[in-house]
Each structure stands twice: as C-alpha cells, then as structure tokens.
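Visitor: The following block contains the structure, expressed as structure tokens.
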Amino acid sequence: MSVGLNNYDFNEKEKWRVWTWNRIREKTHKPIKDSLGLYFAAAQDLDRPVAIKKGFSDHNLLAVERDLKSVKILRKNGVNVIHSDLTSVINDWKGRNEIDFINADFTCGITDDIIAFLYMAYLCHSVSSGCIVAINLLRGRDIGLREIAETVGRKDTLGSYVLKKSLSKKKQRGKHRGQRIFICGLLWVYINLADSARVFGKNKGSKYSKGENRASIDHLIRFIKKAGPSFYSYKSSNGRNVMDACVFEVNKNFFQKVNNHSDSKTFIPRVFKKLDININPKSARMKVAAAKAVRTMRKGAT
C-alpha cells in the first residue's frame, strides 16, 4: 500500500471523511436524498459508502476524476464518474438540475486552479445558491497565488481584519489552509469582480471612497457569518503532512450587486486568462451529459 499523500485509506482520513459528510448534511437546504452533487472519488471510491450512510442517494453522487486508470476502475465497479477536471465540469454543466454540494478533496496547497474553482462556484449558474462546498488542502508551501496564501496572518491586511470580525477566536487559525482559501480567496474574487464591474467607484479609474469601501467590507463580513464555515485538520498517514479542511455555504446573493453590473460569461474567461488557466469550452459537455443521463436512468430504477 502506498504511504503519505497517496494513501486515502487510514483512520485519520476516515474521521475527516465522516466529519465532512456530516457537515454537508447539516448545512444543505434540500432534503438529503434529493441533493445532487460532485465529489472526488479516486480509484478506491471511499467517500461514496460514507455519503450513502449519511442519507445521500447513490444516483445523486457523481464522481469526478482526472486519472484515466482510476476512471476505468470506477466504471468497472459501476460508479457514475465524469472523466474531467472539476472546473470544466462546473463550466459545462447545463440543464435544470443545479449542483447542491461539491466535496473537493484537493490534497494540495492553494493553487491558481483552486482560486479558479472559487470563481466558478460563485459565478456559474450550474451551482445553486446555497450549494455546500467542502475543500481539503495540504498545509505547506503554496505554488499558486502567493499574495492570497500570505494574506491571513498579517496584522495590517484586509483579510486579517475580516477574519477577526467574522469568526470567533476559537475558529481563527493563522496557518489553516481551509480558512485561508475561504477568507482570502473570497476577498480576491470579490475585489476583482468589484474592479471589473466598477461598483465601488463611479468612474473608471476613480479611487474608492472610504464610505464605499467600508460598506463593501461590512457586506463581506455579513456574508462570511452567514456562510457558517466549519474547519477541520488531520495528519497524513506518514504523520509528516497536515491537511486542512473547510466546509461552507455558497450564498450567491453576496455577489448580486456585482453580477448586476458584470456579465459572468465574459468575466470568467478574462479571470482565467489573468491566472494563466486554460479551460477548453465544452470540453466536458458530452461527458457531463452522459453522467446526468446515467443518473436519470438509475433514479428511475429506484
């Protein structure tokens, strides 16, 4: 058996798994058996039995996996899996059924791809308002947007101020990656959206007034409190790595003011170009449609 980060079957990981699905179940607004969502499966697919035990329907659990070998194993075992990356799946998800929860076990540091995922979660119509998002990250050196990774912990930053005002002292953990991606990632998304939509300044290039800036910060703090983030940490099987998890609710009303001024269809490509992230439009559309068809068939058979 592999060790370290490649080992998904050990006691501490199982405790995290149970904790995560409990939080998703507690926070979701829809009946558990009707909630539709995405999760990272890997070849062993250890999350599915836990989720089903918590009341989620088997046909509503759609696995997402990039590794072809793992996909073949999953399909051989009858798992409904989409062979693609998470952002492409969200981007190409069409139809009436929105995504109610996303369990993203990234097991890496903060990267540009994860920041892109946050943009997708808040701007794509495929993700429901009230969607529950679970993220699991590796504590350590981040290879992505370093300014985001370093924001929490600096006493003079906006992220530190929002953190202090929105979370209790018990929940404030300076090194916690789940907390950093939640607080600082959302700050990054919101500020970039606000810049694009020019909702802070009346004219292009104008400086933000103190009143406008203060109102925006208060808006962000209220949102974070409403999102009700939960945090969890555990060590890898080799005991040398620490994983940090966060589960929170996506409230799209938070970005309503911005979305009224900015077209997400044109904004998302601009953001991804800035982050140097390439997403091929419609690359996962047929795969998503096929998985949704399998879901409908299995739902009718129950």
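Computed from the coordinates by the stated procedures, all read-outs in this text should not be read as laboratory data. Just so we're clear, the structure is a prediction, and the values are computed from it rather than from any experiment. Reconstructed Cβ throughout: ideal geometry from the backbone, glycine too, with neighbour counts over all protein chains shown.
Visitor: Once Rh for segment 54-122 is found with the Kirkwood sum over Cα pairs, what is the Stokes-Einstein diffusion coefficient at 37 °C and 0.692 mPa s, in µm²/s?
Guide: My calculation gives 243 µm²/s for D.
Visitor: Here is a follow-up. Can you tell me, using C-alpha contacts under 8 Å and at least 6 residues apart, the relative contact order of segment 45-149 as a whole percent?
Guide: Relative contact order here is 25 percent.
Visitor: Roughly how many nanometres apart are two label points built 7 Å out from the Cα toward the Cβ at K72 and T296?
Guide: That separation, rounded to one decimal, is 3.0 nm.
Visitor: Could you tally the net charge around N11, taking each other residue with its Cβ under 15 Å from the Cβ of N11, Lys/Arg +1 and Asp/Glu -1?
Guide: +1
Visitor: Let me ask something else. Segment 1-118: D in µm²/s via Stokes-Einstein (Kirkwood Rh, Cα pairs, 20 °C, 1.002 mPa s)?
Guide: Diffusion coefficient, whole number: 142 µm²/s.
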